[in-house]
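Heads up, the thing below is written out as structure tokens.
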Amino acid sequence: MMKNYIFLSFILFLIGVQPLVAQEAKYAIDENIRYTSDASEYAQERCKLDIYYPENKTDFTTVVWFHGGGITGGNKFIPEKLKEQGIAVVAVNYRLSPKVKCPVYIEDAAAAVAWTFKNIEKYGGSKDKIVVSGHSAGGYLTSMVGLDKHYLAAHDINADDIAMLIPFSGHTITHFTIRDEKGIPGTQAIVDEYAPLYFVRPDAPPTIFITGDRELEMLGRYEENAYMWRMMKVAGHKNCKLMELDGFNHGEMASPALEILLKEIKVLDK
């Protein structure tokens, strides 16, 4: 068989026809794209995103990625493990507390997801394969945008059109920064309209909750996610998973979680 291939390649070379070879993927990045029309100085500074995408591929999956930092810090970045994987990554900056108060940063997150739905086809991607993910505060924003449908509805987007939600170690109760803004101690658990738990529903997008080791995580983060997962199952959600990464703390869990994300989103290409 190999001899036949070599002979055929030689004949094709002689007549000026090159044998077919796999096309190497090429990637590009567009940076600091404004995703909101808010003209305020702080919005112009923070409401920007970067899109990293394969140039010579179409119908690809896109991961909208929200950074962590307690909603008080952090900056957009393309996770190294998501590069050169045949997918696009939209890395988002959003406004931060205390310069803004809740729900401004959730609204920013929704605006960035809406931008992705409305623009990804221009880059060759599929709006049917948009995954929303993030770590820590980014995981919280992921869940809020995907579960409380009114944030995306403000942009004429149905949250249920998100292909998959994959929050990494995100709060499922009201975020501690929001509680701090209201003078509520971090040890007092609150479930209100700023808690993903408040929006448990069976028709939400497929969801994968990933946390670090319950004994190494911060603020009972595993237990929150475990309860959220259980209530989604009780409510009748058919495609919801919970994963605990033994031996990894809150910060360390992001790296192996990215590998899980890449494995889980492969289903979108089947």
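Some observations on this one:
- Qualifying residue in the range 243-253 (condition: of a type in the set (S, T, N, Q), touching a Phe, Trp or Tyr at 6+ places or on another chain (Cβ under 9 Å) and closer than 28 Å to ARG95 by Cα): no
- If you go through the range 35-49 and keep only what is touching a strand residue (DSSP E or B) at 6+ places or on another chain (Cβ under 7 Å), within 13 Å of LYS76 (Cα to Cα) and of a type outside the set (A, V, I, L, M, F, W, C), you end up with just LYS48.
- Residue within the range 168-176 that is over 18 Å from the mean Cα position of the chain (by Cα), at negative phi, open to solvent by 50 Å² or more (accessible area, probe 1.4 Å) and touching a residue at least 12 places away in the same chain (Cβ under 8 Å) present: yes
- With a requirement of 1 or more residues that are of a type in the set (S, T, N, Q), modelled with pLDDT under 95 and touching a Cys at 6+ places or on another chain (Cβ under 7 Å), none of the helices (runs of 4 or more DSSP H) lying completely within the range 165-270 satisfies it.
- Taken together, the criteria place THR58 among residues that are within 22 Å of ASP269 (Cβ to Cβ), in contact with a strand residue (DSSP E or B) (Cβ under 8 Å, 6 or more places away or on another chain) and open to solvent by 40 Å² or more (accessible area, probe 1.4 Å).
- One residue from GLY70, GLY74, GLY138, GLY134 being within 22 Å of GLY186 (Cβ to Cβ), out of contact with any Gly (no Cβ under 8 Å at 6 or more places or on another chain) and not hydrophobic (A, V, I, L, M, F, W, C): GLY70
- Residue check, SER97 buried (at least 17 other Cβ atoms within 10 Å of the Cβ), polar (S, T, N, Q) and in a helix (DSSP H, G or I): no
- Residues in the range 43-55 that are open to solvent by less than 40 Å² (accessible area, probe 1.4 Å) and not basic (Lys, Arg): ALA43, CYS47, LEU49, ASP50, ILE51, TYR52, TYR53, PRO54.
- Going through (1) among the acidic types (Asp, Glu); (2) in contact (Cβ under 8 Å) with a residue 12 or more places away in the chain; (3) in a loop (DSSP other than H, G, I, E, B) one by one, ASP38 falls short only on (2).
- Screening ILE106 on (1) part of a loop (DSSP other than H, G, I, E, B); (2) surrounded by fewer than 21 Cβ atoms within 10 Å (Cβ to Cβ) shows it passes everything except condition (1).
- Residue list for the range 148-163, restricted to those being out of contact with any Lys or Arg (no Cβ under 9 Å at 6 or more places or on another chain) and open to solvent by less than 20 Å² (accessible area, probe 1.4 Å): ASP148, TYR151, LEU152, ILE162
- Candidates are the residues of the range 126-138 that are under 21 Å from THR36 (Cα atoms) and not hydroxyl-bearing (Ser, Thr, Tyr); the one that is surrounded by the fewest Cβ atoms within 10 Å (Cβ to Cβ) is LYS127.
- One residue alone among ILE260, ILE265 is in contact (Cβ under 8 Å) with a residue 12 or more places away in the chain, crowded, with 18+ Cβ neighbours inside 10 Å and touching a strand residue (DSSP E or B) at 6+ places or on another chain (Cβ under 9 Å), and that residue is ILE265.
The values are calculated or read from the model by the stated rules, or taken from the named source; none is laboratory data. Quantities reported herein were computed from a predicted structural model and do not represent experimental measurements. So basically every Cβ, Gly included, is an ideal-geometry build from the backbone, and we count neighbours across all protein chains shown. Only protein heavy atoms, including side chains, enter the accessible area calculation; ligands, DNA and RNA are left aside. Shrake-Rupley method; radii C 1.70, N 1.55, O 1.52, S 1.80 Å.
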